[in-house]
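Engineer: The structure's right below; bear with me while I get my questions together.
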Amino acid sequence: MMEDSMNTPLGISASAFCEFCGKPLKQKTISVGGRSFSVPCFSSCGCAESKRFYDSIGNTKSQAAQMDAGIPKRYADASMECTEYADELERGTSIYVHGTIGDGKTYFACSLIKELLKRGASAGFASSCELLSETFENRTVLDERVKNRRIVVIDDIGKEITSGFAASRLFGYIDRRYRDVKPTVFTCNLTPSELSDRLSIADPSLGRAALSRMLENCDVVEMGTNDRRRLWDK
């Protein structure tokens, strides 16, 4: 249908030009009741310079979202194929990632959070060492992130367990997310049974209880292998 030029809003220019290449821009229209009306905005011309500019805006927003989610700067460029795991997290399945030191567990977890942020999901990252530190100055921010974000990575879990107090606090985070039915990504250098033993040494009453909550409706992934098991009844 021909554009109804009589319906161009007063005071709105009917023409505009790309600030990068100078090409004329097409004014956008909407259709109401079979008639077209001009609106006070224009389509991008799509030239290389304008594309770079708008891409940079998108990148800036993405970087801000990553910082707000707590992704460490070292892993800002983390990128692994993880769409299948992100799908499972959005469906409510937790993930326990274990393996040896330096095999990419944190890199994988940050890739997951980035993928979820792209989808608009409420996701965040927290280091268990910082969560349990008595001196970490931003603990309140971490507490709120672990409490409120729907999907959270708790990284390097178990490494910092040296006392019953630390084990109890860690169990508090695990139990809160379990009760709120919020999926969690746990990364650990220990297998699930080894982590249970570690927690039990610090506090015999917590090891089994923590593991039960962590592994209910959870995928266990060993880095560097194709072994992937879902544990339902522990």
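The values are calculated or read from the model by the stated rules, or taken from the named source; none is laboratory data. Predicted, not measured: the structure shown is a model, and the values here were computed from it. In this analysis, Cβ positions are derived from the backbone assuming ideal geometry, glycine residues included, and neighbour counts consider all displayed protein chains.
Engineer: Considering only region 154-179, state which residues are part of a loop (DSSP other than H, G, I, E, B) and hydroxyl-bearing (S, T, Y). Write out each step before concluding.
Structural biologist: Quick first cut of region 154-179, residues part of a loop (DSSP other than H, G, I, E, B) only: 156-163.
Residues satisfying the conditions are T162, S163.
Engineer: Quick check on G11: is it outside the structural domain of R150 (by TED's automatic domain parsing), part of a loop (DSSP other than H, G, I, E, B) and at pLDDT 75 or above?
Structural biologist: no
Engineer: For region 87-102, give me the residue count where each residue is in contact with a strand residue (DSSP E or B) (Cβ under 9 Å, 6 or more places away or on another chain) and surrounded by fewer than 21 Cβ atoms within 10 Å (Cβ to Cβ).
Structural biologist: Count: 4.
Engineer: Something else about it: For R139, state whether it is modelled with pLDDT under 95 and either surrounded by fewer than 19 Cβ atoms within 10 Å (Cβ to Cβ) or of a type in the set (K, R) (or both). Walk me through it before giving the result.
Structural biologist: Numbers: modelled with pLDDT under 95: yes; either surrounded by fewer than 19 Cβ atoms within 10 Å (Cβ to Cβ) or of a type in the set (K, R) (or both): yes.
So R139 fits the description; yes.
Engineer: Applying the selection to region 153-195, what residues are within 15 Å of the chain's Cα centre (by Cα) and over 18 Å from V220 (Cβ atoms)?
Structural biologist: Residue satisfying the conditions is K182 alone.
Engineer: With the requirement that a residue be closer than 15 Å to C129 by Cα and surrounded by fewer than 16 Cβ atoms within 10 Å (Cβ to Cβ), what does region 170-189 give you?
Structural biologist: G172
Engineer: Somewhere in region 118-140, is a residue out of contact with any strand residue (DSSP E or B) (no Cβ under 6 Å at 6 or more places or on another chain), without any contact (Cβ under 8 Å) to a residue 60 or more places away in the chain, under 17 Å from Y173 (Cβ atoms) and of a type in the set (V, I, T)?
Structural biologist: Yes - at least one qualifying residue is present in region 118-140.
Engineer: Report, by residue number, each residue of region 83-140 that is part of a helix (DSSP H, G or I), within 13 Å of the chain's Cα centre (by Cα) and of a type in the set (A, V, I, L, M, F, W, C).
Structural biologist: Once the filter is applied, which keeps residues that are part of a helix (DSSP H, G or I), within 13 Å of the chain's Cα centre (by Cα) and of a type in the set (A, V, I, L, M, F, W, C), region 83-140 yields A86, L89, F108, A109, C110, L112, I113, L116, L117.
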